[in-house]
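As structure tokens, the structure follows; a few thoughts come after it.
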Amino acid sequence: MASITIRNIPEYVFRKIKKLSEIEKRSMNNEFLVIIERGLEGELMEKVSRGVRIHPSSQARFWRNLSAVWEDERTTEEIIKDIYANRTLGRETTL
């Protein structure tokens, strides 16, 4: 696994991350990783919503990274019912 060193972190940012790590009972390193992952997910969603094309290999990598990470307290049946209940006919298009 790769590692990096981050320099020149503003003190106020460091304090906030330290506080979050204490609240979440994670190490500082893990808290940084969580923040980076969430930020990357947000960046990805923003690009997708703007219609930016993602290379298929990158898409596959994103999905692989998400697999087995989803946590839900509902049963499989409840999740399936929820999916069916919230389906729509699709987006309106004009040709």
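Here is the figure for the range 65-95: residues that are surrounded by 10 or more Cβ atoms within 10 Å (Cβ to Cβ) and of a type outside the set (D, E) total 6. Just one of (1) under 22 Å from S67 (Cα atoms); (2) modelled with pLDDT under 90 fails for S3. It is (1). Taking the range 18-57 as the range and being surrounded by 11 or more Cβ atoms within 10 Å (Cβ to Cβ) and either of a type in the set (S, T, Y) or in contact with a Phe, Trp or Tyr (Cβ under 6 Å, 6 or more places away or on another chain) (or both) as the test, only S21 passes.
The values are calculated or read from the model by the stated rules, or taken from the named source; none is laboratory data. Being a predicted model, the structure only gives us computed values, none of them experimental. So basically every Cβ, Gly included, is an ideal-geometry build from the backbone, and we count neighbours across all protein chains shown.
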